[in-house]
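Trainee: Have a look at the structure that comes next, please.
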Amino acid sequence: MKVFAVLPAAGTGSRAGFSKNKVLQKIGGASVLRRTASAFARHPQVDGVLVCVNAADRAEAERELAGLAGTACCEGGATRTASVKNALEALAALPCPPDLVLVHDAARPFVSQELIGRCIETAARCQSAVCALPCTDTAVRAADGFAVQRVEREGLFTLQTPQGFSFPALLAAYRKIGPDDRFTDDSGVWAAFVAPPKLFAGERGNVKLTFAEDFAMDGYRTGVGVDTHAFCEGNEVVLGGVHIPHGRALRAHSDGDVLCHAVMDALLSAAGLADIGHFFPDTDPRYEGANSLALLAEVRALVEGEGFAVNNVSVSVVAEAPKLAPHIAKMKQNLADVLQIPQHAVGISAGTNEGLGFLGRGEGIAAIASATLCSRKSL
């Protein structure tokens, strides 16, 4: 089964009051667009991501999406409906069009991997899948600023995205839209031309950023992580995802990247979560020889699932050898790419232990890291 995600991002976001498209605004050092696209690009069941952008934003949008595998831009339209129609036609022109398509608001950057997975599972089973939350507040109809009718909230839901559908059926439905038809989302198109769509459980944290205050950060959380690995037989060490030639290796169940491990623990600590031993135990064969940058990406997803965005990280490595200075720039780039923050938000320093203790005797390498997370008011 081939799955593509479509992200409408061609609006101006005028209600937010910014001077440019709101999805190009930064949250915790990364744009809303990149955070949203990354959530789908890294999901193992998603084969590609197509972002609908207007001509004025295309160059900047493509810069924000650089490095996200399987992600591309297409021309947006004057309305959300027109943008999605353009994307569906572009997918239809592929040599092998998808079986399922997920449509998701680009301004919902906190979508979880679990939510994407539930959308795919529901759409594969029912042909449609619309993310929804039961209405818990009293609802009324208003006229001229007065509440004129109460609406029974039993059976009342508010709809979110992602919304997933059989691709051929959704494409056929969009091709039936007339010039006088008006839709606010894809479930409306499906309901009008196919059938009542299937609902599945949404998440409170999957908020849509609409107004300027939605982008405000409410305080920061800090965490500290420390890790140490002893040397063993080998010919290289891995630090910050960089393979450095050396006469020995670091003993570990994974690749022994002590720098990444310290950063991972700092991020988990800041989010109030358990340490890496809990999430990636050394008794689990899945993590034998694991790439620590990939594990760091999983940690970032965990803290984002708790409603946080990575703001910055700083790590100090203590080692008598090998010499790390020539490799620090690449380490910073690797961490920035995985954490989706600018390189200037990553600090890496290296020093020796002046011949003191087990580190000074060259028996291993240690790393001490700190991390700062931003929390959002509305989460």
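Trainee: Can you name the residue in segment 333-355 that is modelled with pLDDT of 90 or more and surrounded by fewer than 18 Cβ atoms within 10 Å (Cβ to Cβ) and is also farthest from A30 (Cα to Cα) among such residues?
Mentor: Among those that are modelled with pLDDT of 90 or more and surrounded by fewer than 18 Cβ atoms within 10 Å (Cβ to Cβ), it is S349.
Trainee: Inspect all residues belonging to segment 293-312 and state whether any of them is assigned by TED's automatic domain parsing to the domain that holds R248, under 23 Å from the mean Cα position of the chain (by Cα), under 29 Å from E354 (Cα atoms) and not in a helix (DSSP H, G or I). Reasoning before the result, please.
Mentor: Residues of segment 293-312 assigned by TED's automatic domain parsing to the domain that holds R248: 293-312.
Filter once more, keeping what is under 23 Å from the mean Cα position of the chain (by Cα): 293-312.
Pick out the ones that are also under 29 Å from E354 (Cα atoms) and you get 312.
Checking which are not in a helix (DSSP H, G or I) leaves us with 312.
Yes - at least one qualifying residue is present in segment 293-312.
Trainee: Scan F157, F167, F183 and give me the residue that is of a type in the set (A, V, I, L, M, F, W, C), without any contact (Cβ under 8 Å) to a residue 60 or more places away in the chain and either touching a Pro at 6+ places or on another chain (Cβ under 9 Å) or more than 30 Å from A270 (Cα to Cα) (or both).
Mentor: F157
Trainee: Still on this structure, please answer the following. Being surrounded by fewer than 24 Cβ atoms within 10 Å (Cβ to Cβ) and either closer than 17 Å to K198 by Cα or in contact (Cβ under 8 Å) with a residue 12 or more places away in the chain (or both) is the filter here, so list the residues in segment 85-97 that pass it.
Mentor: Restricting attention to segment 85-97, the residues satisfying the condition of being surrounded by fewer than 24 Cβ atoms within 10 Å (Cβ to Cβ) are 85-86, 89-97.
Listed by number, the residues that qualify are K85, N86, E89, A90, L91, A92, C96, P97.
So that you can scan it fast, the table gives a plain yes or no per residue for (1) over 24 Å from L133 (Cβ atoms); (2) in a strand (DSSP E or B); (3) of a type in the set (D, E):
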{"site": "R150", "(1), (2), (3)": "no, yes, no"}
{"site": "Q160", "(1), (2), (3)": "no, yes, no"}
{"site": "G178", "(1), (2), (3)": "yes, no, no"}
{"site": "R182", "(1), (2), (3)": "no, no, no"}
{"site": "R204", "(1), (2), (3)": "no, no, no"}
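Trainee: Which of (1) touching a His at 6+ places or on another chain (Cβ under 6 Å); (2) at pLDDT 95 or above is the odd one out, the single condition A262 does not satisfy?
Mentor: With respect to (1) touching a His at 6+ places or on another chain (Cβ under 6 Å); (2) at pLDDT 95 or above, A262 is out only on (1).
Trainee: Also, I was wondering about something else. Report, by residue number, each residue of segment 264-288 that is under 21 Å from the mean Cα position of the chain (by Cα) and either part of a helix (DSSP H, G or I) or not assigned by TED's automatic domain parsing to the domain that holds E306 (or both).
Mentor: Listed by number, the residues that qualify are M264, D265, A266, L267, L268, S269, A270, I276, F279.
Trainee: Going residue by residue through segment 361-375, is there one that turns out to be assigned to a loop (DSSP other than H, G, I, E, B), more than 18 Å from the chain's Cα centre (by Cα) and at positive phi? I'd like the intermediate steps shown before the answer.
Mentor: To start, the set of residues in segment 361-375 that are assigned to a loop (DSSP other than H, G, I, E, B) comprises 361-363.
Now narrow it down to the ones that are more than 18 Å from the chain's Cα centre (by Cα): 361-363.
Next, from what is left, pick out any that are at positive phi: 362.
The answer is yes, given that some residue of segment 361-375 is assigned to a loop (DSSP other than H, G, I, E, B), more than 18 Å from the chain's Cα centre (by Cα) and at positive phi.
The values are calculated or read from the model by the stated rules, or taken from the named source; none is laboratory data. Small disclaimer: the values here were computed from a predicted structure and weren't measured. In this analysis, Cβ positions are derived from the backbone assuming ideal geometry, glycine residues included, and neighbour counts consider all displayed protein chains.
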